[in-house]
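The values are calculated or read from the model by the stated rules, or taken from the named source; none is laboratory data. Keep in mind that what you see is a predicted model, and the values were worked out from it rather than measured. Here the Cβ positions follow ideal geometry from the backbone for every residue, glycine too, while neighbour counts run over all protein chains shown. Quick note on the areas: whole protein, heavy atoms, side chains included, nothing else; ligands and nucleic acids left out. Shrake-Rupley method; radii C 1.70, N 1.55, O 1.52, S 1.80 Å.
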Amino acid sequence: YNCTQSETVKRAQLEDLPGTPTALLLDAHRAVVGLGSPLLSLGGKSGFVGTALTIGAGSLAQWKALDSATPGQVLVLACGSRRDRAEFGEIFVGIALRKGIAALVTDGLLRDREAIGLLDIPVFACGNHPASPADPAPGQVGFPVNLFGKQICTGDIIVGDDDGLAVIPTHELSGVLSRINEQ
């Protein structure tokens, strides 16, 4: 779909989503995109609802996104499924938690897995790697990204639970909520 069609999501629209299973969202509307394995829930909790802030790989972009992110956003880091290093670790996740970030999602790896597992924030990644997350690429913030062939745009709604993630394009939110309320 075209990310330029997104609209501003009102907080009131999101109030019905916490606790809604990702499976129900995927069954309710064909516009909802599901992301499961190889993504794993590695944080101290898995359930969340938030709006995406997309990041194209690069340490500078990650830190810029973290600095500009607002409470309730989900940092979505696309690294092209890189497997030679971690994308972030405990320090990055700890700052995100203190800022009120709803969750972190990456198609890459993380480090400090045990420490991150003790933090009360959802973190979805494909596993772990001990190598430094330093990445000299500048990256991008706010542009559409692809995770496992699925496009995610800044502003899209992401719901997570133990089954995985459901991504709702902003322009489809009203239709998805209507379908859920019918069931």
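Checking 108, 139, 117, 155 one by one, the residue that is over 16 Å from the mean Cα position of the chain (by Cα) and closer than 20 Å to residue 52 by Cβ is 139 and no other. Within the stretch 58-73, restricting attention to residues that are under 14 Å from the mean Cα position of the chain (by Cα) and under 18 Å from residue 137 (Cβ atoms), the residue that is surrounded by the fewest Cβ atoms within 10 Å (Cβ to Cβ) is 66. Filtering the stretch 161-183 to residues that are in contact with a helix residue (DSSP H, G or I) (Cβ under 7 Å, 6 or more places away or on another chain) and closer than 29 Å to residue 67 by Cβ leaves 161, 164, 165, 166, 168, 171, 173.
Would you mind finding the one in 170, 106 that is polar (S, T, N, Q) and within 23 Å of residue 59 (Cα to Cα)? Don't jump to the end; show me each part of the working.
Working: 170 fails: within 23 Å of residue 59 (Cα to Cα).
Step by step, each of 170, 106 is checked, and only 106 is polar (S, T, N, Q) and within 23 Å of residue 59 (Cα to Cα).
State which residue is farthest from residue 177 (Cα to Cα) when the search covers only the stretch 55-67 and only residues that are in contact with a helix residue (DSSP H, G or I) (Cβ under 8 Å, 6 or more places away or on another chain) and modelled with pLDDT of 95 or more. Only one residue fits best here, namely 66.
Hey, residue 116 hits all of (1) touching a strand residue (DSSP E or B) at 6+ places or on another chain (Cβ under 6 Å); (2) modelled with pLDDT of 95 or more; (3) outside any helix (DSSP H, G or I) but one; which does it fall short on? Unmet for residue 116, out of (1) touching a strand residue (DSSP E or B) at 6+ places or on another chain (Cβ under 6 Å); (2) modelled with pLDDT of 95 or more; (3) outside any helix (DSSP H, G or I): (3). Can you tell me which residue is least open to solvent (accessible area, probe 1.4 Å) among those in the stretch 38-52 that are among the polar types (S, T, N, Q) and either within 16 Å of residue 150 (Cα to Cα) or in a strand (DSSP E or B) (or both)? Selected residue: 51.
To keep it simple, each residue is scored yes or no on (1) touching a residue at least 12 places away in the same chain (Cβ under 8 Å); (2) crowded, with 24+ Cβ neighbours inside 10 Å; (3) not in a loop (DSSP other than H, G, I, E, B).
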site	(1), (2), (3)
75	yes, yes, yes
98	no, no, yes
104	yes, yes, yes
136	yes, no, no
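Among the residues in the stretch 159-175, are any surrounded by fewer than 22 Cβ atoms within 10 Å (Cβ to Cβ), among the hydroxyl-bearing types (Ser, Thr, Tyr) and within 14 Å of the chain's Cα centre (by Cα)? No, the stretch 159-175 has no match at all. The set of residues in the stretch 119-134 being open to solvent by 20 Å² or more (accessible area, probe 1.4 Å) and either part of a strand (DSSP E or B) or aromatic (Phe, Trp, Tyr) (or both) consists of 128 alone.
Being touching a strand residue (DSSP E or B) at 6+ places or on another chain (Cβ under 7 Å), outside any helix (DSSP H, G or I) and in contact (Cβ under 8 Å) with a residue 60 or more places away in the chain is the filter here, so list the residues in the stretch 18-30 that pass it. Spell out the reasoning first.
Start the filter on the stretch 18-30 by keeping residues that are touching a strand residue (DSSP E or B) at 6+ places or on another chain (Cβ under 7 Å), which leaves 18, 20-22, 25-26.
Now drop any that are not outside any helix (DSSP H, G or I), which leaves 18, 20-21.
Matches in the stretch 18-30: 20, 21.
Does residue 55 satisfy the criteria of being in a loop (DSSP other than H, G, I, E, B) and either open to solvent by 40 Å² or more (accessible area, probe 1.4 Å) or in contact with a strand residue (DSSP E or B) (Cβ under 7 Å, 6 or more places away or on another chain) (or both)? The answer is no for residue 55.
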